[in-house]
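Peer 1: So that we are looking at the same thing, I have put the structure below in structure tokens.
The values are calculated or read from the model by the stated rules, or taken from the named source; none is laboratory data. These numbers come from a predicted model, not from an experiment. Here Cβ is always computed from backbone atoms with ideal geometry, including for glycine, and neighbour counts include all displayed protein chains. Side chains included, ligands, DNA and RNA excluded: accessible areas come from the protein's heavy atoms. Shrake-Rupley method; radii C 1.70, N 1.55, O 1.52, S 1.80 Å.
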Amino acid sequence: MTTAVVQYQLEGSIGIVRIDNPPVNALSHPVRAGIMAALDQARADGSKLLLLLCAGRTFIAGADISEFGKPPAEPGLPAVVAAIEHFPKPVLAALHGTALGGGLEVALAAHYRCALPGTRLGLPEVKLGLLPGAGGTQRLPRLVGVATALDMMTGGEPVSAARALELGLVDHLLEGGVELQSAALGYAHQLLADGAGVRPTGARIVPAPPTPDFFDDYRASIARKSRGLIAPGYIVELVEFACLHPVEQGQALERERFIECRNSPQSAALRHVFFAERACAKLTNIPADTRALPVKTVAVIGAGTMGGGIAMCFASAGIPVTLVETSRDNLDRGLGVVRRNYETSVKRGRYTQGQVDDILANITGTTDYADIAGADLVIEAVFENMAVKQEVFRTLDASCKADCILATNTSYLDVNAIAAVTSRPERVVGAHFFSPANVMKLLEVVRAQKTAPEVLLTFMQLAKTIGKIAVAVGVCHGFVGNRMLKGYARQAQLLLLEGASPQQVDGAMEAWGMAMGPLAVGDLAGLDIGYRSRRDQGIASRSAKESALADTLVEMDRLGQKSAAGYYRYDPETRSRQPDPEVATLIADIAAQWKVPRRVIDDEEIVDRLTLALINEGAAILAEGIAARPGDVDIVYLNGYGFPQWRGGPMFHADSLGLATVVAKLKALRELTADPCWEPAALLVQLAQEGRTLASLQP
Ligand code: CAA
């Protein structure tokens, strides 16, 4: 029996089922049907053991996520998994690459599991707003115990093959460097020689939980991390259920919960995020034959917080990096901070001392530009000021080799103006890292007017190498993220003057799902940053209604968390925030001064105004081509600004609300406030009139 994606062949006493469904052997309908057909054939032939493996780079990486929004097609995965578990001959799954989600569930239903070293095994469904839907919640605890099973399913992170062997999740590690099929056949013959019989995982007893209150304690321990999500609570419920009931009953309940999760708006949002994250790595507007340039050595100008963090990204990825500073003192200070950051990582168990020693060997420092003349890429990370940055770029242009890529780490500035001072504007690109650069995943890669396609492509690929999620954006003040933030932060200020308190604004946004409310974010970042930026733009202190409060706080030395006071008061020990009556009085005074009438504001208005400000600006950004796809805007907001993943990002959220509703709400706010910022973006009006979504704009 052979279908396009599943082949069956009898080799001596072993029946081999080989799945070949590139790129990741996802369990699409033809794969499920093909496995069933192969089982039928193997049931009747002379095989004594069935070996299940995959062609290509990986074992099955899960259900086919793109099928989730579509009507189900039989056989479903639970039926396939049951057929494997109840197969009358021993079934061995041979794993390589990644065995994830439904893929691991298939392997769990097999009677024996072996894996190549380097294989990673996991149930990441929770990241898609789902729970394992084909027996994973019932079989995994039977193999590895309740605590490990819960950690794997509520965290979604895979384990290594070596760890899987320790846990009893795999029975045998195959020899590395050997072709999968021949190594697995060797183990299959060994099993037959040992008289191995069928061994259904579902027939095992779940090991008792470590303590009587284990499940309640576990629920409490994940409450914060799983805020707003449906699936984690259900996973705990299902594992608890597995302790008391046979696998068939557990699987029936699991199916119910799975279908509820699969049909939930939050899973739709998280699936959108999965595909958007992959789409944004693909550049749409470069010639198809563009090739990336080799980057073997990197230099970073400026060893401050940003420069040091950026250098760490490269060093950790094994790319030699030179930090450049104006003086030995500054350099030593910067290198010291880098070293201490790595020491903390060792203490937290993220790296071993040996690994850190190797990483630190990748970092050198200099005060002489001549030392970076041969670098393939230089990233400037000096003070955010046009004149200062242009001066650095003149120096770089004069001292770096002709084909060196010059990148500027800027949050707001015009990359065209920076490129213009060099003789190689086609080699200049913007790289907006987020602070702390060694931690934050997001990177806005800014394509200036003259940036060459291969330079853009190189930076996008390099970003992946250093573990970043990169989004290509065009030049405008603040690019995608900070440009959208402006209107959002402005609404927070206006709401305070109109009658809301900082704790109400932050509380409403946090209850809605934001990692942190806008005012708490301001306090965390430091209110002096915005103050200085306004001053640099020539905006006099307290000259505008929407910055009067922030300016006043800074002038009172209330800079935020670092001075234990900002919009809130902070406990110097615990950093917990407390409402401050002094701020409440100050807000009332400023509102009176600007003649802003005060009223009771409800949480719904707060959420509406802040999210609509993002949506309206995001739509303008799309219309201008600053971002290529709505999903790109979402990825920026999800990874750089604490937007809840399960809401899919501001553009996805707009589609979820319906664009006609969005436009109606914007118009209502324009009526209510007479503020021109609520003029609906032309793109929104047009799409709403045509009954379309932002998602329909895919390039
Ligand atoms: N379904 C459909 N498409 C998938 C897929 C899946 N499960 N997994 C990956 N793909 C696609 C990607 O969209 C991408 O397509 P494009 O090339 O068109 O963009 C392609 O496969 C390659 O994927 P990556 O770019 O992510 O490749 P990678 O090598 O960086 O990573 C991977 C490979 C680790 C397998 C990663 O793709 C991944 O984590 N996939 C998702 C795994 C997952 O969540 N599985 C659980 C699914 S839900 C489930 O199984 C429910 C259940 O219990 C029944």
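Peer 1: Go through region 465-510 and count every residue that is over 18 Å from residue 583 (Cα atoms), assigned to a helix (DSSP H, G or I), open to solvent by 20 Å² or more (accessible area, probe 1.4 Å) and touching a helix residue (DSSP H, G or I) at 6+ places or on another chain (Cβ under 7 Å).
Peer 2: Result for region 465-510: 2.
Peer 1: Separate question: Would you mind stating whether residue 433 is under 20 Å from the mean Cα position of the chain (by Cα), within 21 Å of residue 316 (Cα to Cα) and open to solvent by less than 10 Å² (accessible area, probe 1.4 Å)?
Peer 2: Spelling it out, residue 433 is indeed under 20 Å from the mean Cα position of the chain (by Cα), within 21 Å of residue 316 (Cα to Cα) and open to solvent by less than 10 Å² (accessible area, probe 1.4 Å).
Peer 1: So, one more: List every residue pair whose Cβ atoms sit under 7 Å apart, with the two residues 6 or more apart in sequence or on different chains, where the first one lies in region 53-64 and is without any contact (Cβ under 8 Å) to a residue 60 or more places away in the chain and under 11 Å from residue 93 (Cα atoms) and the second, anywhere, is more than 6 Å from the ligand (Cβ to nearest atom) and of a type in the set (Gly, Ala, Ser).
Peer 2: These pairs meet every condition: 60/99; 60/103.
Peer 1: Taking region 550-566 as the search range and keeping residues that are of a type outside the set (D, E, K, R) and in a loop (DSSP other than H, G, I, E, B), which one is surrounded by the most Cβ atoms within 10 Å (Cβ to Cβ)? Show your work before the answer.
Peer 2: Here is the first cut: in region 550-566, the residues of a type outside the set (D, E, K, R) are 550, 552-554, 556, 559-561, 563-566.
Restricting the remaining residues to those that are in a loop (DSSP other than H, G, I, E, B) gives 556, 559, 564, 566.
Working: 556: 14, 559: 20, 564: 15, 566: 29.
Of everything passing the filter in region 550-566, 566 is surrounded by the most Cβ atoms within 10 Å (Cβ to Cβ).
Peer 1: Hey, any hits in region 197-210 for a residue that's assigned to a helix (DSSP H, G or I), under 30 Å from residue 259 (Cα atoms) and open to solvent by 50 Å² or more (accessible area, probe 1.4 Å)? I'd like the intermediate steps shown before the answer.
Peer 2: Of region 197-210, the ones assigned to a helix (DSSP H, G or I) are 201-203.
Still in the running and under 30 Å from residue 259 (Cα atoms): 201-203.
Next cut, open to solvent by 50 Å² or more (accessible area, probe 1.4 Å) only: 203.
Yes, there is a match, as at least one residue in region 197-210 is assigned to a helix (DSSP H, G or I), under 30 Å from residue 259 (Cα atoms) and open to solvent by 50 Å² or more (accessible area, probe 1.4 Å).
Peer 1: Additional query: Could you check region 252-266 and list, in sequence order, the residues that are open to solvent by 30 Å² or more (accessible area, probe 1.4 Å) and in contact with a Gly (Cβ under 9 Å, 6 or more places away or on another chain)?
Peer 2: Passing the criteria: 255, 257, 259, 262, 265.
Peer 1: Look through 409, 416 and report the one residue that is at pLDDT 95 or above and open to solvent by less than 20 Å² (accessible area, probe 1.4 Å). Talk me through it step by step, then tell me what you get.
Peer 2: On the way: 416 fails: open to solvent by less than 20 Å² (accessible area, probe 1.4 Å).
After ruling out the rest, the residue left standing is 409.
Peer 1: OK, next. Within region 133-152, take every residue that is away from the ligand (no atom under 11 Å from the Cβ) and polar (S, T, N, Q) and give me the one that is farthest from residue 221 (Cα to Cα).
Peer 2: The residue in question is 138.
Peer 1: Let me ask something else about it. Which count do you get for residues in region 267-301 that are more than 14 Å from the ligand (Cβ to nearest atom), open to solvent by 10 Å² or more (accessible area, probe 1.4 Å) and either touching a residue at least 24 places away in the same chain (Cβ under 8 Å) or among the small types (Gly, Ala, Ser) (or both)?
Peer 2: Of all residues in region 267-301, those more than 14 Å from the ligand (Cβ to nearest atom) come to 269, 285-301.
Those left that are additionally open to solvent by 10 Å² or more (accessible area, probe 1.4 Å): 285-297.
Then drop every residue that is not either touching a residue at least 24 places away in the same chain (Cβ under 8 Å) or among the small types (Gly, Ala, Ser) (or both), which leaves 285-288, 290-297.
The qualifying residues number 12.
Peer 1: How many residues are surrounded by fewer than 20 Cβ atoms within 10 Å (Cβ to Cβ) and near the ligand (Cβ under 9 Å from one of its atoms) if we restrict to region 25-63?
Peer 2: Count: 2.
Peer 1: Let me ask something else about it. Would you be able to tell me the number of residues in region 567-603 that are in contact (Cβ under 8 Å) with a residue 24 or more places away in the chain and either open to solvent by less than 50 Å² (accessible area, probe 1.4 Å) or at positive phi (or both)?
Peer 2: Residues in region 567-603 being in contact (Cβ under 8 Å) with a residue 24 or more places away in the chain and either open to solvent by less than 50 Å² (accessible area, probe 1.4 Å) or at positive phi (or both): 10 in total.
Peer 1: Shifting gears a bit: How many residues are small (Gly, Ala, Ser) and under 30 Å from the mean Cα position of the chain (by Cα) if we restrict to region 236-271?
Peer 2: Applying the first criterion (small (Gly, Ala, Ser)) to region 236-271 yields 242, 250, 252, 264, 267-269.
Adding the requirement that they be under 30 Å from the mean Cα position of the chain (by Cα) leaves 264, 267-269.
Total satisfying the criteria: 4.
Peer 1: Just for region 113-132: of the residues that are open to solvent by 10 Å² or more (accessible area, probe 1.4 Å) and more than 10 Å from the ligand (Cβ to nearest atom), which one is nearest to the chain's Cα centre (by Cα)? Outline the logic, then answer.
Peer 2: Applying the first criterion (open to solvent by 10 Å² or more (accessible area, probe 1.4 Å)) to region 113-132 yields 116-118, 120, 124-128.
Retained after the next criterion (residues that are more than 10 Å from the ligand (Cβ to nearest atom)): 116-118.
Details: 116: 28, 117: 27, 118: 23 Å.
Selected residue: 118.
Peer 1: Is region 133-144 home to any residue that is under 27 Å from residue 46 (Cα atoms), buried (at least 24 other Cβ atoms within 10 Å of the Cβ) and not basic (Lys, Arg)?
Peer 2: Of the residues in region 133-144, the ones under 27 Å from residue 46 (Cα atoms) are none.
Within region 133-144 (the criterion being under 27 Å from residue 46 (Cα atoms), buried (at least 24 other Cβ atoms within 10 Å of the Cβ) and not basic (Lys, Arg)), the answer is no, since none of the residues qualifies.
Peer 1: Name, by its number, the condition in (1) open to solvent by less than 10 Å² (accessible area, probe 1.4 Å); (2) within 27 Å of residue 148 (Cα to Cα); (3) aliphatic (A, V, I, L, M); (4) more than 10 Å from the ligand (Cβ to nearest atom) that does not hold for residue 99.
Peer 2: (4)
Peer 1: Residues that are over 24 Å from residue 479 (Cβ atoms): find the helices (runs of 4 or more DSSP H) completely inside region 340-453 holding 3 or more of those.
Peer 2: Values: elements: 353-360, 386-399, 415-419.
So the answer is 353-360, 386-399.
Peer 1: Separate question: From the list 71, 22, 78, exactly one residue is more than 14 Å from the ligand (Cβ to nearest atom), under 29 Å from residue 268 (Cα atoms) and within 34 Å of the chain's Cα centre (by Cα). Which is it?
Peer 2: 71
Peer 1: When the residues of region 662-691 are filtered to those that are aliphatic (A, V, I, L, M) and not in a helix (DSSP H, G or I), which remaining residue is most open to solvent (accessible area, probe 1.4 Å)?
Peer 2: Here is the first cut: in region 662-691, the residues aliphatic (A, V, I, L, M) are 662-664, 666, 668-669, 672, 674, 681-685, 687-688.
Those left that are additionally not in a helix (DSSP H, G or I): 674, 681.
On the way: 674: 82, 681: 15 Å².
If we take residues in region 662-691 being aliphatic (A, V, I, L, M) and not in a helix (DSSP H, G or I), then 674 is most open to solvent (accessible area, probe 1.4 Å).
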